[in-house]
1. How many residues does region 100-136 contain that are open to solvent by 90 Å² or more (accessible area, probe 1.4 Å), modelled with pLDDT of 70 or more and not hydroxyl-bearing (Ser, Thr, Tyr)?
2. Taking the condition assigned to a loop (DSSP other than H, G, I, E, B) and surrounded by 11 or more Cβ atoms within 10 Å (Cβ to Cβ), does residue 68 pass?
3. Would you call residue 80 closer than 23 Å to residue 105 by Cβ, at pLDDT below 95 and in a helix (DSSP H, G or I)?
4. From 48, 27, which residue is open to solvent by less than 80 Å² (accessible area, probe 1.4 Å), in a helix (DSSP H, G or I) and in contact (Cβ under 8 Å) with a residue 12 or more places away in the chain?
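The values are calculated or read from the model by the stated rules, or taken from the named source; none is laboratory data. Just so you know, these numbers come straight off a predicted model, no measurement behind them. FYI the Cβ positions are ideal-geometry reconstructions off the backbone, even for glycines, and counts take in every protein chain you see. Just the protein is used for accessible areas: all its heavy atoms, side chains included, with ligands, DNA and RNA removed. Shrake-Rupley method; radii C 1.70, N 1.55, O 1.52, S 1.80 Å.
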Amino acid sequence: MKKQKKHYLDNKKFLEEITKYKKMCADADDSDMPQPPITEFIGKCFLDIAKGLSYKPNFINYTYRDEMISDGIENCIQYCKNFNPEKSKNPFSYFTQIIYYAFVRRIEREKKQAYIKHKLTYESGILEEIIEMDPDMKLNIEYQKNDFFDIYEFEEKMERKRKSRKMKSKNSLESFME
């Protein structure tokens, strides 16, 4: 007999709690009351899922992991009432997807901010002044310039995305007008 691995989240209990919460939300809607807050158990489940996902290899090395976790929990709370227990009996996977995409959006935002920071630094001329004052800093600055070129590539990708979105919206508008 194979011993099953213990999971950090009981999906059946999580489903029961989400179902109870959805019923409370429906009752609140029927009586024109404000939405009830999520239960402590549901909040702990969101936190556990977000922390667990943040330890995956594609997310673990970011310095803003706490912000990613916070974004994921915020999105789960925001979309908690959209979970439909009649369609799916797996709230773990539903909320993991929500958190995953919250992480991806945070990473994109942070990349944009890093690009802006680097661009302003290089355009300001501060680096050249530092090299004049301390020639030993040149090696460190060269390393940062290599990092800047990665961000330059990121900017090019962002521009291509923006242009392709414009083209798609233009095409859809033209097809609508026909």
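1. Matching residues across region 100-136 total 7.
2. Working: assigned to a loop (DSSP other than H, G, I, E, B): no; surrounded by 11 or more Cβ atoms within 10 Å (Cβ to Cβ): yes.
In short, no.
3. Values: closer than 23 Å to residue 105 by Cβ: yes; at pLDDT below 95: yes; in a helix (DSSP H, G or I): yes.
Against the criterion (closer than 23 Å to residue 105 by Cβ, at pLDDT below 95 and in a helix (DSSP H, G or I)), residue 80 qualifies.
4. On the way: 27 fails: in contact (Cβ under 8 Å) with a residue 12 or more places away in the chain.
Exactly one of 48, 27 is open to solvent by less than 80 Å² (accessible area, probe 1.4 Å), in a helix (DSSP H, G or I) and in contact (Cβ under 8 Å) with a residue 12 or more places away in the chain, namely 48.
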